[in-house]
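Right, one structure below, let's go through it.
The values are calculated or read from the model by the stated rules, or taken from the named source; none is laboratory data. All of these numbers come straight from a predicted model, not from anything done at the bench. Quick reminder, even Gly has a Cβ in these numbers, built from the backbone with ideal geometry, and neighbours come from all protein chains shown.
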Amino acid sequence: KSKQISNRQKQLLRVYDIPKASQKYALFEPLHELWNQYMGALNITGTSQASLEKILKADLHGCILTVVKSKCPSLVGQRGIVVQETKNMFKVITKNDELKSLSKAATVFCFTYKNMVYSIFGDQFRFTTSERVARKFKPKSTVDL
């Protein structure tokens with residue numbers, strides 16, 4: 001019987017770290033193209049309730065995210081392709097080949113798909129991708145930053 005390694009061991013082995021040599025924007029552009037195909041397969045049309053629910057549950061790996069508002073002023077304007085998502089962070093690769101960690105807390109993100117701009121409130125998006133897919137969301141009021 002094989003034994004799984006613990007999260008602590010994964011952290012020590014740096015399993016989830018992206019090597020410096022692989023932190024190139026050009027390497028992740030095909031991931032963005034794949035994301036566009038994935039969004040096309042979801043059949044999202046405009047801002048209907050069904051489309052918004054699909055976007056809410058969609059996987060954002062490969063999406064080009066931009067920070068629109070944040071309590072941390074240095075994050076505003078950051079833009080890049082999502083390469084990793086955790087419960088509280090998005091890791092994006094910028095056009096300058098830098099890996100940036102963007103906190104979801106107190107941050108508003110936006111992305112564009114088919115000439116429509118969609119906003120994501122990070123506080124209400126603080127789940128892993130797998131948790132978000134299985135979750136039934138209830139409408140929450142938003143607090144302006």
Take the residues in the stretch 76-127 that are over 23 Å from Thr45 (Cα atoms) and of a type in the set (Lys, Arg), then tell me which one is farthest from the chain's Cα centre (by Cα).
Lys95
Output the residues belonging to the stretch 90-122 that are aliphatic (A, V, I, L, M), surrounded by fewer than 17 Cβ atoms within 10 Å (Cβ to Cβ) and without any contact (Cβ under 8 Å) to a residue 60 or more places away in the chain.
Ala105, Ala106, Val117
Enumeration of residues in the stretch 9-49 that are touching a residue at least 24 places away in the same chain (Cβ under 8 Å), polar (S, T, N, Q) and not in a helix (DSSP H, G or I):
Gln23, Thr47
Can you tell me which residue within the stretch 93-130, out of those that are under 22 Å from Glu53 (Cβ atoms) and either assigned to a loop (DSSP other than H, G, I, E, B) or among the basic types (Lys, Arg) (or both), is modelled with the highest pLDDT?
Lys104
Residue within the stretch 56-78 that is closer than 27 Å to Lys114 by Cα, of a type in the set (A, V, I, L, M, F, W, C), assigned to a helix (DSSP H, G or I) and touching a helix residue (DSSP H, G or I) at 6+ places or on another chain (Cβ under 8 Å) present
yes
